C-alpha cells in the first residue's frame, strides 16, 4: 500500500509506522517501510517525521543528534543528510528503505 504524505509533496511511503522497541536490526515485528522519492533526495530529519517515526522535526533532530539513527548500518549524526534511493535508515527497530519513484528524475 502506497500512501501519499500530504504535507510533504516530494515523497510517498508504504508500510506501517508503528514502533518496536527491540534493539535488533533484524526485527521481525516490524515490516520495513518503503519510502518512494518523487525528487532526488529527502533530508534525514524530514524522513523520520514523514514516516511517523518522529512526532516533530525537533524530535527527529534530537534522535539523530543522540546517535539513535543509522543509515546503511552506520550511525548518522547529520540532521540534514540527504537520503537517496538505495539507502536504508534504521531507527528504534524500524527500517525505512528509500526507493526511487517512477516520476522522479
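Considering only residues of region 84-105 that are in a loop (DSSP other than H, G, I, E, B), over 14 Å from residue 73 (Cα atoms) and in contact with a strand residue (DSSP E or B) (Cβ under 7 Å, 6 or more places away or on another chain), which is modelled with the lowest pLDDT?
Here the residue is 104.
What's the number of the condition residue 30 fails, among (1) out of contact with any helix residue (DSSP H, G or I) (no Cβ under 7 Å at 6 or more places or on another chain); (2) touching a residue at least 60 places away in the same chain (Cβ under 8 Å); (3) closer than 13 Å to residue 88 by Cα?
Only one criterion is unmet by residue 30, namely (3).
Pull up region 33-77, narrow it to residues that are touching a strand residue (DSSP E or B) at 6+ places or on another chain (Cβ under 7 Å) and assigned to a helix (DSSP H, G or I), then point me to the one that is farthest from residue 98 (Cα to Cα).
My answer is 63.
Testing residue 80 on (1) touching a helix residue (DSSP H, G or I) at 6+ places or on another chain (Cβ under 9 Å); (2) assigned to a loop (DSSP other than H, G, I, E, B); (3) within 14 Å of residue 33 (Cβ to Cβ), one condition comes back false. Which one is that?
Failed condition: (3).
Check region 96-104 and report whether any residue there is loosely packed, with under 14 Cβ neighbours inside 10 Å, out of contact with any helix residue (DSSP H, G or I) (no Cβ under 8 Å at 6 or more places or on another chain) and on the phi < 0 side of the Ramachandran plot.
yes
The values are calculated or read from the model by the stated rules, or taken from the named source; none is laboratory data. Computed from a prediction, not measured in an experiment: that's the story for all the values here. For neighbour counting, all protein chains shown are included, and Cβ atoms are generated from backbone atoms with ideal geometry for every residue, glycine included.
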